[in-house]
Structures are given as structure tokens and as C-alpha cells.
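One structure below.
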Amino acid sequence: MDQSEILKPEQVDIAEKGHPKGLYVLFATEMWERFNYYGMRAVLVLFMTKALLFDKAFASNLYGSYTGLVYLTPLIGGFIADRYWGNRRSIVTGGILMALGELIMFGCASIYQTAPDISTFLFFTGLGFMISGNGFFKPNISSMVGQLYPQGDRRIDAAYTIFYMGINVGGALGPFICGYFGDTGNPADFKWAFLSAAIAMSLGVVLFVKLRDKYVRDPKGDLLGLTPEKLPGKKVSPVFVYLGLFAFSALCVGMLYIDAKIVSYLSYLLLIAVVGIAVMIFTDKTLTKVEKKKISVIFIISFFVLFFWSAFEQAGASLTFFAEEQTRRDLGFFTVPASWFQSLNSIFVVAFAPVFAWLWIKLGRREPSAPTKMALGLFLLALGYLVIATGVKDVGAGIKVSMIYLIGMYAFHTWGVLCLSPIGLSLVNKLSPLKLSSLLMAVWFLANAGANVLAGKLSSKYPEEESKTAEYIVPGLMVNETTVNWQAVSNDRKNIQQWNLNTVKKSSLSERADSLVAVSNIAAPQEIKIDTNKINRVSPKILSREELEKLLKTGEKEGKFLLATNDKQTELYVLKGGNGPETLEVYNLHPEKPTFLGYTIKNLYDFFMLFVVMSGIASLILFFLTKWLQKTMNATT
């Protein structure tokens, strides 16, 4: 959950009776949208790595780019709604775009085996529609909640509590339902997760359209969220509006594709934007010294937000890999889908938000300041990663750990969120000069976008326990007597033509006629046979003659496979056949360990300790700055 989607302590109160029915319309609409977003997010990296066969590093970076753009587009969507469209039209438009995006993803997941190129195109298109749709939906529905009540009405806080409950109900149900239907262990079933998300989003749109005129009204009975009465300039033709909408969606697709496939520019763009805004503000001579001091607090807090959310957002990336591969999920009667763990944060928010609200009230005057709460949130985040780092320390390769470590980690992370999240938008609103409120809100969203991009880059450092570096879909091979046409095996990242894998012959020890063994004609002249059921046990090192003889005795139980090394014997290639396209698995025999700022990540313990250290240091620095920040926030001279 992001900071705008958590129950704020000052909002957790016993709601008075008599809330307008429009609140529950908005509650249900937002619930189904969050079901859609978090349900799809729960299976996204699994779909990329298990169906589209992207390697984990690429999938992680793409995940970060996607979620980063999800935070950027609301700046555009909110601007268009305020000046041209109004909230109602933007909500419906955004919902329709997101539902279409999920249906496109459903199409992608339905044909990835038979038409991989078309599937890849649909994949990026679907994500682009999701990004643009979110941009129109997200900033508009929350703003309508307060408009249901008279100004100063004491029910507003309780109304937001109910509304945020809807967000967390959707955030809990989405991964659970989408994971149940899509995360089954069979990659072909991911399409049902996307279809479930599309249905949920469609339900939200239909509900809003059917009930908005009757119930979503202000205290005077007037309709809320209509097109602004005083439009700047001439009225725009609907044709141009929808052409612009299509162009915006295409732009989102292009931005995502370019960042993922061509040049990774998004993080640099965000940095330039923040620096540019800072220069613009701090060189503005119309601002007073006090105003600039308060604005500096916003920039400092935004900087620390970067560390928190980049670690927290591992939930949709590296922590999903961990849940899938390294967590013991078999209960004996049922195997818990890895995607289900992403429901935990929302469940814990609903469970613990009243506890934290009670705690702050109980502390009274001793309630920590906003910066102190934020530092505490970072500290709790570090403790969460320490829990999971302890669980994987000294664990042997291939050994899975209890799911209690993941559950405990998510509990600490939720407590951290409940300390930090109330600061966010309220602090920006409090410290911003009126004429710069929108610009400084953009800084906040840019910080969150940057955190998500950084989350993807950090997730790309996730270490491979089995030294398998990638999988690639390749077209079916033409086998003529004893030769395989290796020229047909290529893609945009690897080209087997360069590997001199020309000689393929039937092994004299093969038990079946269709059993093929591939060898390099230079480096590995031996014939090798291996049990395809034990393919993940391929040794991550140069195979000795004794090891080769062991493999020869293993026997083959099912399917075709081709096994080879490159000339330098630094990589091992296994091509497994089947009814559809073959899968080429690439094993790095001498894998390079990932590094981050000079820190070498040798195993999962090192990976999780990176977040312990990063969050812990950020927490300590912020604790140290707390008094100064508090003084600066309240500065009068």
C-alpha cells in the first residue's frame, strides 16, 4: 500500500450515523479498483518470469518502471480533471482504460506460447493502458469524498476512515482471488488472474456509472465532479478528447517500452525534474526565508521517503521471488500461492490501524513528532528485513524456510507504514505556500515514483540460488537425421550462432528414438544424457569426466532435451522440447555476483541485509535530524 492508502491515525474514529450513501458508492468503486491493481501486481513478476520467460533482473527493472509511471501519470490526470473533464468523467475513463489493459493482458497470457512476438506487444500495451488509466482514476476519486459533506463537518474524518477501509479490503482480496485463479503453478493459468482483475475493474465502473447521479451529490443535492463550468479557451470536441486519450495511452506504452528495452532513462528524468523544481523554488525571490525553510523540510522528507518505499515495494518483486522459490508453502492439503503474501499488508493495516490510533491518543502530549514517526517507520522496516535475513542465514542451497519469516516481516513493514504514512500528503499541504502547493505535491509524487523505480533496480540484484540466469522461448528446431539447425535458435538477447553449437547427434545410450543430445563441437565432445526431471540439479561448474559419467547413468524419463556448453565452458545450455515452443535454459557456470555501490551480494542473507543497513542508516540519520526538522517546520523567522 502506498502512503495515500493507509488509515490515518487522526481519521480512525467511531463514525457517526447518517453518512451519505455516496460515500459507499465511492467506497465500492475504489475497492474494486484496488482489487484490480493489487491483484494484477501480485502475479506480474511471476507472469514475466514463468510465462514470458524474462530473466529476474529484467522483470524487476520493468516492474519498477511500471509502478514508477503509475505514480507519475496522476499528475497529468489530475490536471486534466481540474481544468477540462471533471472528476466523474475522469474516474469512468480511467476505469475503462484499466479494464481494457487487463483484457489486453488476458490476451497476452492466452497466446504467449503460440505467438510470442504478438504476446510481447500486447504485454507492453496492456501495461501502458493500466498506467494511463490509473492516471485518470487515482487522483480524482479520493478528492470527491470530502465534497460529500459541508465544510467543517466532523464526519469527514470518519468518512475517510471508511473509504480507506475499502482500499484495504480491495488490496487484500485482489491478490487472494487473482492468485487463486492465476498463480496455480501452471503458467497458462495466469490469464485467469488478469481476467479476474478486468472483471473487478468493470464492476467498479458499472457501479459508479449506475449510482453516481443518484447518490454522489454535495450537501445541497448538486451533482459532484461535473465538467468545470469555466473552461480555459474554447470547448474541445469529444473527437479530439478521445484522440488525445489514445495518444496519452500510446505515450505511456512507448515510455515503458523505451525504458525497459532501449535505454533506462526514467530514473534520470525523475532526478532532473526534482532538481529543476528545487532550483526554480529556491531562486524565487518572491518567497520569504521562512517559506523556503518549510519547503526545505518537504524536500528532506521526500528524500527519506525514497529509502522507505524502495524497500517496502520489494513486496511485488524480489519478495515475490522469495515466496515462490525459497518459502515452504506446502500445508500438506494445500500449497499457498506465492502471490497471496501480498494480501498481508492490507490485512495487517485493517488489524493494527486502530491500535496505532489508540496509541497516539494515549500518548497525548508525548505523541512523537511527524519526523520522529517517520524515523520510527524506517527503523521498523529495517527490523522486518532483519527477521527475514535471520531466517535465511546459513541455509543451504535449495532449502526452503518457514513462511513465518515472511509473515513476521510483513507485520513489521505494516507497523512501519502506519508510523510513516500519515506524514505524506498532510505534511506537504501544511508546509506548502498556497501558490506552490501543486508544484510541491508534484515533488512528493516524483519521490514516490523514484522510490518505485529504485525498488525495481534493487530487486534486480536478487541472487540466483541455482545459478540459472535466464530462460528464452525459441522456435521449433528442424531436425534432419543427426543435425539440428541452431541458426533458428536466436532472440534479441542471445544468438546461439555465435556459440558453435553445430553438432547434434543421437546418443547411442538413448533409451528412446526421440532422445537427442547436443554437444559443442569444440569444447564438450562428450555425449551427455540427463534426467529432465532433475534439470535444476545441473552443476553450476565445469563438468568433470566423473560427473559426465554420473549424468550418463541418470537416464531420461520424459521429453526431449539438448545439452551443450559454449566454447569457454562458462555457460551450460539446456533446450527442453515439448508440444509448443522449446525452452532454452541458460545456466551460468561461473556466475558473477550482483553488487550495489560496491557491496557484493553473495546470497539471500546478503541481499536482505542490504535493506537492513539501508533502512537502518536512514532511520538513524532522520532520528538525528528530528529536532532540527521540527524547529524548521515551526519557524517564524
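The values are calculated or read from the model by the stated rules, or taken from the named source; none is laboratory data. This is a predicted model, so every value here is computed, not measured. As a convention, Cβ positions derive from the backbone with ideal geometry for all residues, glycine included, and neighbour counts pool all protein chains shown. To get the accessible areas, we keep the full protein, side chains included, count just its heavy atoms, and leave off ligands, DNA and RNA. Shrake-Rupley method; radii C 1.70, N 1.55, O 1.52, S 1.80 Å.
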Problem set entry | Test item: Cα-centred dipole of region 126-194, Lys/Arg +1 and Asp/Glu -1 on Cβ, debye | 140
For this session: Grab the Cα-Cα distance for ASP153 and ILE621, subtract it from 0.36 nm times how many residues apart they are, and report the gain in nm with one decimal.
Result: 164.5 nm
For this session: On the full set of protein chains, 1.4 Å probe, figure out the accessible area of ARG34 and give it in Å² to the nearest 10.
Result: 10
Seminar exercise, completed: The answer for trypsin sites (Lys or Arg not before Pro) in region 364-408 that fall in a DSSP coil and have at most 16 neighbouring Cβ atoms within 10 Å is LYS393, LYS400
Seminar exercise, completed: Any chymotrypsin sites (Phe, Trp or Tyr not before Pro) in region 327-379 that lie in a DSSP loop and have at most 10 other Cβ atoms within 10 Å would be PHE333, PHE334
For this session: Would you mind computing Rg(Cα) / (2.2 N^0.38 Å) for region 301-420, counting N as its residues?
Result: 1.17
For this session: Roll a 1.4 Å probe over the protein heavy atoms and report the accessible area of TYR265 in Å², nearest 10.
Result: 50
Problem set entry | Label point distance in nm, LYS602-TRP358, each placed 7 Å from Cα along Cα→Cβ | 4.7
Exercise. Dividing the convex hull volume of the Cα atoms of region 108-156 by its residue count, what figure in Å³ per residue is obtained?
Worked result: 74
For this session: Work out, in µm²/s and without decimals, the Stokes-Einstein translational diffusion coefficient of region 16-111 at 10 °C, 1.306 mPa s, Rh from Kirkwood over C-alpha pairs.
Result: 101
Exercise. Non-local amide H neighbours of VAL401 (under 5 Å, H modeled in plane, Pro and chain starts lacking H): which ones?
Worked result: THR327, ARG328
Problem set entry | Sparse-neighbourhood loop sites, trypsin sites (Lys or Arg not before Pro) in region 260-347 - DSSP loop, at most 10 other Cβ within 10 angstrom | LYS285
Exercise. Can you run phi through the Karplus equation (6.51, -1.76, 1.60; θ = phi - 60°) for region 250-261 and list ³J(HN,Hα) in whole Hz, with x for Gly and Pro?
Worked result: 4, 4, 5, 4, x, 4, 5, 5, 4, 5, 7, 9
Seminar exercise, completed: Over its alpha-carbon atoms, region 85-128 yields an Rg and a Dmax in Å of 13.0, 43
Exercise. Tell me, what ³J(HN,Hα) does each residue in region 24-33 have, in order and in whole Hz, if you take phi through Karplus 6.51 cos²θ - 1.76 cosθ + 1.60 with θ = phi - 60° and put x for Gly and Pro?
Worked result: 6, 5, 5, 4, 5, 4, 5, 4, 5, 5
Exercise. Looking at the square roots a ≥ b ≥ c of the eigenvalues of the Cα gyration tensor of region 354-455, which shape do they give, rounded for a/c under 1.5, prolate if a/b is larger than b/c, or oblate?
Worked result: oblate
Exercise. What shape does region 589-637 have by the C-alpha gyration tensor, where a ≥ b ≥ c are the square roots of the eigenvalues, rounded means a/c under 1.5, and otherwise prolate means a/b greater than b/c and oblate the rest?
Worked result: prolate
For this session: Assuming a ≥ b ≥ c are the square roots of the Cα gyration tensor eigenvalues, decide whether region 240-371 counts as rounded (a/c under 1.5), prolate (otherwise, with a/b larger than b/c) or oblate.
Result: oblate
Seminar exercise, completed: Scalar couplings 3J(HN,Hα) for region 365-371 by Karplus 6.51 cos²θ - 1.76 cosθ + 1.60 (θ = phi - 60°), nearest whole Hz, x for Gly and Pro, are 5, 8, 4, x, 6, 4, x
